[in-house]
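One structure below.
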Amino acid sequence: MLRPTVNPDSLTVVFGISGLEFIVLVVLTFFVIGPERMPEYARQAKEFIKTVRRMAFDAKDDFKDALGDTGLDDINWRQYDPRQYDPRVIVREAFAEDDAERAREAKEREEKNKPVASNITRLPRGAYAPFDTEAT
C-alpha cells in the first residue's frame, strides 16, 4: 500500500487526503448532487452528527453511572500509560533490584560472619593463645 507523501506547500493530510484533494471532492459532490438536493443532504448530515454526538454523550454518562461514586477523576491514569512498559526501563529496573538485593545479602553475610566483639581479647606481643588441652 502506498502512503501519500506530504508536500510542505500543500495543506495538511487527513485520512490520506490533502486539503486540495478534499476541496476538489467537495466541488465534485456539489455538482453530482446538485444545488436543489444539497440542503436536504446537509440536513441529513446535521441530524447524523447530532445522533452520533448524543450517542457518545449517553455512552459517557452510562460509563460514569457504572463507575459509581469513584468517578473518572479518582482513577490513576498513570498506571495505564503504555510508556511505562518500555523494555529498556523494565530491564534497567530489574538490574537495579538485583544489585540492591545482592548488596543487601552481602551486608547480611558480613554481619553474620562478623566476630562478636566480647569474645575477642588482644594478646600482648609475642604471647600465644591459650588452648585448653584437657578438653580432648
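If a spin label sat at a point 7 angstrom from the Cα of Asn113 along the line to its beta carbon, no backbone N atom of segment 81-96 would be nearer than 13 Å.
If the chain between Asp74 and Asp98 were fully stretched, how many nm would it gain, using 0.36 nm times the residue separation less the Cα-Cα distance? The partial results should precede the final answer.
On the way: separation 24, 0.36 × 24 = 8.64 nm, distance 3.37 nm.
Length difference between fully extended and current span is 5.3 nm.
Take Glu21 and Phe48, extend 7 Å from each Cα along the Cα→Cβ direction, and tell me the distance between the two endpoints in nm. Roughly 2.0 nm, to one decimal.
When we measure straight from the Cα of Lys50, which lysines land under 22 angstrom away, once same-chain ones fewer than 8 places off are left out? Filter leaves Lys60, Lys64.
How much net charge surrounds Asn113 when only other residues with a Cβ under 14 Å from its Cβ are counted (Lys, Arg +1; Asp, Glu -1)? Intermediate values should be presented prior to the final figure.
On the way: positive: Lys107, Arg109, Lys112, Lys114; negative: Glu105, Glu108, Glu110, Glu111.
Neighbourhood net charge equals 0.
I need the shape label for segment 17-70. Rule: rounded when a/c is under 1.5, else prolate if a/b > b/c, else oblate, with a, b, c from the alpha carbon gyration tensor. Verdict is oblate for segment 17-70. Taking Cβ atoms as reference points and 14 Å as the exclusive limit, the residues near Arg54 contribute a net charge of 0, counting Lys and Arg as +1 and Asp and Glu as -1.
No value in this document is a laboratory result; all are computed from the given coordinates. Note that the structure is predicted; figures quoted are calculated from it, not measured. In this analysis, Cβ positions are derived from the backbone assuming ideal geometry, glycine residues included, and neighbour counts consider all displayed protein chains.
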